[in-house]
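The values are calculated or read from the model by the stated rules, or taken from the named source; none is laboratory data. Predicted model, so just to flag it, every value in this text is computed and none were measured. A quick note on method: Cβ atoms are made from the backbone with ideal geometry, for glycine too, and the neighbour counts reach across all protein chains shown.
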Amino acid sequence: MGSLSMSRRSFVKLSAVTSAAVGIAGSAPALAAADTMPNATEKSSEVKRIRTGCRGCGKMECGVIAVVQDGKVIRMEGDPTAFQSMGNCCTKSQAAIQAAYHPDRLHYPLKRTNDKESDDPGWVRISWDEAMKTIVSKFDELQAKYGGESLFGMCGTSRVWCMFGASNGMYLWDSPNIVQAWQICKGPRHFGTLMCSSFADSWMETVAHPDVYVAWGGASEMSNYDDSCRTTVDVATRSNTHICVDPRETNMGKEADYQLHLRPGTDGAMALAWTNVVIENELYDDLFTKKWTNAPFLVCEDMEPTGWTENAPIMMTPFELKTRLLKESDLVEGGSPKRFMVWDNIGNKLTYFDAETGFWEGEDWKRPTAGKEAQQENLAPGLHQGFVIDPTPFDPEIDPALFGEFDVELKDGTKHKVHPVFQLYAERCAEYTPEVVEGITGVPAKDIREAALKYATRVHPEKGYGNGGIQYMLATEHANTAIQNVRALDYLTAMTGNYDTPAGQRASTRAPIEGGQMGFANNGSGMPMLSPGQMDKLLGSQDIPLLQWWGMWADATATWNAVLTGDPYPVVGAFNSSGNFMNQCNTTMVWEALKKLDFYVECNLWHTPGGGTCDIVLPAAHFLELSSPRSSQGASGAMGATVKCIDPPGEAKFDGEIIRMLYEYKGMPYNVIPGFPEYPSVEQMLDMAVAGFEPKGWKVFEQRFQEYGWWDCKETEPELWGTYRRYETGANRGRNAGGFVGSEGDHLPGFYTPTKKIEIWSTVMESYHPDGQWNLPTYREPPHSPVSDPEMYKEYPLIITTGRRIPVYFHSEHRQLPWCREQWPVPRVEINPDDAREYGIEQGDWVWIETPYGKIREVADLYYGVRKGTINCEHQWWYPEFKQSGSGHELSAVNHLIDPWARDPHCGASNLRAYLGKIYKATPENSPFGNPCPCDHNGVEIIHSPDDPRLKEWLPTYEGRE
């Protein structure tokens with residue numbers, strides 16, 4: 001018998017996989033299933049297994065099977081055909097049964113009868129007819145009095161089919177304003193990629209198993225929006241190298257080969273340091289950088305910017321694009337402003353790239369077809385390899401310069417020095433050497449350099465592409481430099497050969513169905529148009545100019561401030577489709593604004609903290625009670641569906657139907673697609689959504705899904721998704737390939753930018769910020785840090801970060817589900833034991849956490865995995881056990897602590913992850929009711945132990961749902 005040899009890396013892989021499997025298998029909740037579910041062993045019972053898509057967390061699209069007995073869901077299981085979730089099913093998914101059958105579900109529309117300062121809104125049941133008539137008439141009244149801009153929509157993330165319902169609903173009243181969690185939740189990267197490459201190119205194809213797996217700023221083993229949970233555990237443990245960039249040691253990060261525990265808020269500096277190492281060691285993909293980015297475009301820094309009128313890609317509104325990138329029109333009269341000049345090292349002369357045609361000077365482009373199947377390992381069953389287009393050389397042959405200084409004479413006769421964009425970016429990154437960034441982040445320069453080299457040095461150079469993308473998460477976007485952070489990370493992955501390559505950054509799955517991202521609101525057709533000038537009133541765009549170019553949200557802080565102050569105009573009404581008010585801005589500020597609204601409507605599963613200020617609440621259906629086609633918003637390529645398993649309780653309705661009713665009662669056609677009625681039924685909406693894949697309609701699609709399982713879009717969409725390097729073929733600019741783009745596409749090679757190149761030097765950024773400070777990615781300190789605010793640091797000596805993922809929760813959700821709450825009953829703040837000792841804090845103590853903007857209580861959790869001088873708080877806590885307005889959000893919701901005006905200057909994202917505060921022990925002397933434990937208005941404690949009898953009151957109710 002041969003000897004068994006196992007390396008440390010192999011052992012780590014095996015141990016991590018085994019540990020993960022044990023963790024999943026051993027996570028059964030303490031409340032026995034027999035106490036909460038019908039008996040599944042009765043021989044007379046009819047048992048069905050229904051394939052569906054889980055919505056227990058964000059937008060992962062995990063495939064699950066709902067086991068239904070006698071019309072009741074009794075169990076949730078992983079679907080083995082779901083390659084994106086690898087057949088797994090997490091605790092949140094299993095607890096979905098408790099959400100669907102929760103006794104506190106809303107069954108009927110309700111209206112308020114008491115004033116908004118009362119703990120008891122005095123809800124009374126009304127009909128859907130009364131609810132809709134009241135909503136429409138009240139919004140009509142407010143529009144007539146204050147203008148459509150005085151109203152706004154609001155939405156969150158989890159019920160994805162309603163995300164744009166609030167937006168489309170408010171367009172009915174001519175409002176440009178919507179407050180979205182998207183502003184701080186993947187929105188900055190979508191904003192940034194649409195501006196600098198193509199929409200949502202930030203998604204990493206995790207399921208393709210990168211050779212080097214980089215987790216940056218998050219714990220995807222707990223929860224994420226593209227690929228997460230067991231999927232990323234498998235991917236990380238099977239990679240050649242695993243790198244974790246995070247202020248704290250995450251669960252999965254414990255197994256990483258490199259742990260870069262940076263100071264919160266310094267992600268941008270770290271990304272620029274990695275880029276510096278890549279450029280210094282010439283590890284960038286030379287052909288890609290020269291041909292597909294604007295790196296070789298020449299910059300004339302001392303000339304007046306020139307350009308043309310360009311349309312914003314989503315709203316299609318014109319803006320004046322002006323740039324100091326050298327163009328033919330700057331050199332000669334009659335020259336094209338869209339011909340960008342580069343220096344050809346071979347011909348030793350200027351040549352150009354024509355952004356009008358998409359071709360280089362003299363290029364005779366033919367759509368490339370040569371390539372080979374991807375060389376991928378460890379793919380999940382059902383996942384296909386995909387076809388990788390071979391890189392095409394320059395034709396005619398040129399060698400654009402990336403470095404150098406060149407003399408040019410402009411058409412006005414003035415002479416200037418010009419430099420390639422790449423040289424300027426290299427100079428910018430040279431300011432952030434690993435040694436410099438060690439001083440900024442606290443991570444040793446040696447570790448920064450080694451990790452960057454491991455990431456960029458190709459493990460398998462014969463493949464012809466990089467080691468994989470970077471799975472960067474929300475910490476990079478919860479910052480005053482959100483857009484700059486994602487730009488730096490996206491350029492880093494692109495220049496290392498990881499743009500639209502296997503396991504690289506790929507954009508959202510391109511599927512032949514309407515995948516749920518846009519809900520069913522008007523099916524993307526015939527949406528009411530805003531009146532001329534209304535978009536100019538978009539809240540926040542007065543001091544964040546790029547918001548009008550983006551056009552997808554009003555700034556949250558500006559909106560709530562307008563409610564409170566009337567500046568720049570009165571804001572008096574809102575319609576909320578599932579969003580909660582605790583996710584951004586300052587929660588105290590938002591709460592006061594909610595109470596001031598003249599009219600507020602919320603559509604949700606149950607009463608929420610913000611719902612306590614509503615005038616009308618509407619009951620929504622749970623994901624087990626509705627059908628919706630679904631494709632992965634990430635890069636897994638999965639296509640399937642959420643399938644109705646049970647009927648909703650009472651008169652609860654699918655969100656899409658609720659928005660359709662708004663249109664109908666307003667007298668506005670909801671649909672303009674020929675062959676379908678103006679106000680289609682849910683069934684007709686579903687038929688329209690799948691028509692591109694199954695022309696026979698939803699019923700046939702659903703039957704095929706039940707029989708076949710999840711489809712891989714590499715097979716269903718071979719050109720749009722099954723092909724890599726689609727920027728070579730024109731598919732990147734084809735129909736449905738560019739995300740939110742207002743045209744059908746021209747099928748030219750390149751990207752959805754004004755230059756058709758990945759723009760390291762952003763022409764859009766330059767046009768809206770002509771001072772030039774943001775043209776290239778840069779780093780700025782958080783607004784309140786030991787460096788930027790030393791005076792505040794004297795009184796508030798700890799850095800607060802927030803937002804870690806909890807296995808049983810998704811943001812503000814599931815606090816009232818017994819299986820979840822008993823495992824994690826209270827909010828915890830992680831603190832280094834050395835800091836805890838200094839402040840007299842012990843494990844399990846209730847502590848006060850305070851900033852100049854507010855204070856809250858959480859339970860101390862001593863953990864050496866969090867940096868000394870940093871505390872890590874949990875976010876969006878509320879207490880559904882409190883029957884009072886606001887549900888106790890003021891006790892523990894962490895965004896009560898933040899500065900509402902500390903925002904990203906381009907997208908408005910709140911600075912949630914890096915600010916200053918202090919911590920001290922909660923005592924009877926410094927606590928309300930003489931009790932360190934948070935209490936309701938009557939002194940009743942929150943649920944803070946798994947044996948609290950109140951948890952039993954939340955056990956599922958199977959009867960009385962009609």
Every listed condition ((1) modelled with pLDDT of 95 or more; (2) out of contact with any Ser or Thr (no Cβ under 8 Å at 6 or more places or on another chain); (3) closer than 25 Å to GLY386 by Cβ) holds for ILE758 save (2)
VAL590 being surrounded by 24 or more Cβ atoms within 10 Å (Cβ to Cβ), more than 22 Å from the chain's Cα centre (by Cα), closer than 23 Å to GLU117 by Cα and at pLDDT 95 or above:
no
Need pairs with beta-carbon distance below 7 Å; first residue over 18 Å from GLY888 (Cα atoms) and within region 803-816, second assigned to a loop (DSSP other than H, G, I, E, B) and basic (Lys, Arg); sequence gap 6+ or separate chains.
GLY803/ARG913
Over 26 Å from the mean Cα position of the chain (by Cα), in a loop (DSSP other than H, G, I, E, B) and within 30 Å of CYS196 (Cβ to Cβ) - does that describe any residue in region 778-787?
yes
Quickly run through region 345-391 and pick out the residues that are β-branched (Val, Ile, Thr) and within 22 Å of TYR465 (Cβ to Cβ).
THR369, VAL388, ILE389
Over region 403-413, the set of residues under 13 Å from GLU301 (Cβ atoms) and without any contact (Cβ under 8 Å) to a residue 24 or more places away in the chain is GLU405
Inspect all residues belonging to region 852-874 and state whether any of them is at pLDDT below 95 and in contact with a Leu (Cβ under 9 Å, 6 or more places away or on another chain).
yes
Test THR134 against the stated conditions and say whether it is in contact (Cβ under 8 Å) with a residue 60 or more places away in the chain and surrounded by fewer than 24 Cβ atoms within 10 Å (Cβ to Cβ).
yes
Of the residues that sit in region 706-721 and are touching a His at 6+ places or on another chain (Cβ under 7 Å) and not basic (Lys, Arg), which one is nearest to THR509 (Cα to Cα)?
ASP712
Meets criteria (surrounded by 14 or more Cβ atoms within 10 Å (Cβ to Cβ), over 21 Å from ASP286 (Cβ atoms) and of a type in the set (Val, Ile, Thr)) for THR369:
no
State the number of residues belonging to region 207-231 that are at pLDDT 90 or above and either within 24 Å of VAL443 (Cβ to Cβ) or assigned to a loop (DSSP other than H, G, I, E, B) (or both).
9
Boolean, LYS666 is within 26 Å of PHE575 (Cα to Cα) and basic (Lys, Arg):
yes
Of everything in region 189-200 that's touching a Leu at 6+ places or on another chain (Cβ under 9 Å) and under 19 Å from MET60 (Cα atoms), which residue is modelled with the highest pLDDT?
ARG189
Take the residues in region 309-328 that are more than 13 Å from VAL408 (Cα to Cα) and outside any strand (DSSP E or B), then tell me which one is modelled with the highest pLDDT.
ARG324
Are there any pairs with C-beta distances below 6 angstrom linking a residue in region 492-520 that is part of a loop (DSSP other than H, G, I, E, B) to a residue that is among the aromatic types (Phe, Trp, Tyr) and modelled with pLDDT under 85, with the two at least 6 apart or on different chains, and if so which?
GLY516/TRP161; MET518/PHE164; GLY519/TRP161; GLY519/PHE164
What residue, among those in region 593-604 that are surrounded by 24 or more Cβ atoms within 10 Å (Cβ to Cβ) and in contact (Cβ under 8 Å) with a residue 60 or more places away in the chain, is farthest from the chain's Cα centre (by Cα)?
VAL601
Within region 895-937, how many residues turn out to be crowded, with 24+ Cβ neighbours inside 10 Å and either touching a Gly at 6+ places or on another chain (Cβ under 9 Å) or free of Cβ contacts under 8 Å to residues at least 12 places away in the same chain (or both)?
14
Output the number of the condition that VAL418 fails; it satisfies all remaining conditions of (1) among the β-branched types (Val, Ile, Thr); (2) modelled with pLDDT under 95; (3) in a strand (DSSP E or B).
(2)
Could you tell me which residue of region 431-455 is farthest from THR275 (Cα to Cα), considering only residues that are of a type in the set (Gly, Ala, Ser) and free of Cβ contacts under 8 Å to residues at least 60 places away in the same chain?
GLY439
Across (1) closer than 30 Å to GLU719 by Cβ; (2) surrounded by fewer than 23 Cβ atoms within 10 Å (Cβ to Cβ), PRO783 clears everything bar (1)
Selection from region 890-932 of residues more than 30 Å from GLU781 (Cα to Cα) and in contact with a helix residue (DSSP H, G or I) (Cβ under 7 Å, 6 or more places away or on another chain) yields PRO924, GLY930, ASN931, PRO932
Failed condition for TRP848, given (1) part of a strand (DSSP E or B); (2) within 29 Å of the chain's Cα centre (by Cα); (3) farther than 30 Å from ALA96 by Cα, with all others met?
(2)
In the set GLY772, GLY750, GLY730, which member is at pLDDT 90 or above, over 18 Å from ASN311 (Cα atoms) and either touching a strand residue (DSSP E or B) at 6+ places or on another chain (Cβ under 9 Å) or crowded, with 20+ Cβ neighbours inside 10 Å (or both)?
GLY730
How many residues does region 44-102 contain that are of a type in the set (Lys, Arg) and under 23 Å from TRP161 (Cα atoms)?
4
Within region 679-696, is there a residue that is among the polar types (S, T, N, Q) and surrounded by 23 or more Cβ atoms within 10 Å (Cβ to Cβ)?
no
Could you identify the single residue in ARG458, ARG428 that is buried (at least 19 other Cβ atoms within 10 Å of the Cβ) and touching a residue at least 12 places away in the same chain (Cβ under 8 Å)?
ARG428
